[in-house]
1. Taking the alpha carbon gyration tensor of the range 15-85, what are the square roots of 5 times its eigenvalues, largest first, to the nearest whole Å?
2. In the range 23-73, which GluC sites (Glu not before Pro) are in a loop and have at most 14 other Cβ atoms within 10 Å, using DSSP for the loop call?
Amino acid sequence: MSTGENMRAANNPDELCKLWEMMTRIPEQISIAKNASRVPLLTQMMEEQLNKLAARQSLFLPILQNHNESVLILSDYGGESADSKYQVFSLFTLTVRSLLLSKHF
């Protein structure tokens, strides 16, 4: 899709659904920890939670190989504060192409 087609899709719910289906997939199962004894507990827990989302068909993963030369993986960690009830790990994955098409950046 060209930039103009992407912009038109944003204004048309049917086209937006087609674009979404073309750019994402719902995985059946996530398999990161093949040998759990050698994988950090955090990784095992992330795999478990991702598989719960996948089972509910609530996990949408980007199809990154379509028309993309570069992928950005950004992370942030918030926690360790005495006032904080939670430790939060954030991962944001996007393509350089999608970033360039976005009106928000």
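1. On the way: eigenvalues 146, 65, 43 Å².
The three semi-axes for the range 15-85 are 27, 18, 15 Å.
2. Working: sites: Glu28, Glu47, Glu48, Glu69; in loops: Glu28, Glu69.
Hits after loop and neighbour filter: Glu28, Glu69.
Only the coordinates and a few stated rules stand behind these numbers; no lab work does. From a predicted model like this one, the values you see are computed outputs, not experimental measurements. When we count neighbours, we look across all protein chains shown, and the Cβ atoms used for this are built from the backbone with ideal geometry, even at glycine.
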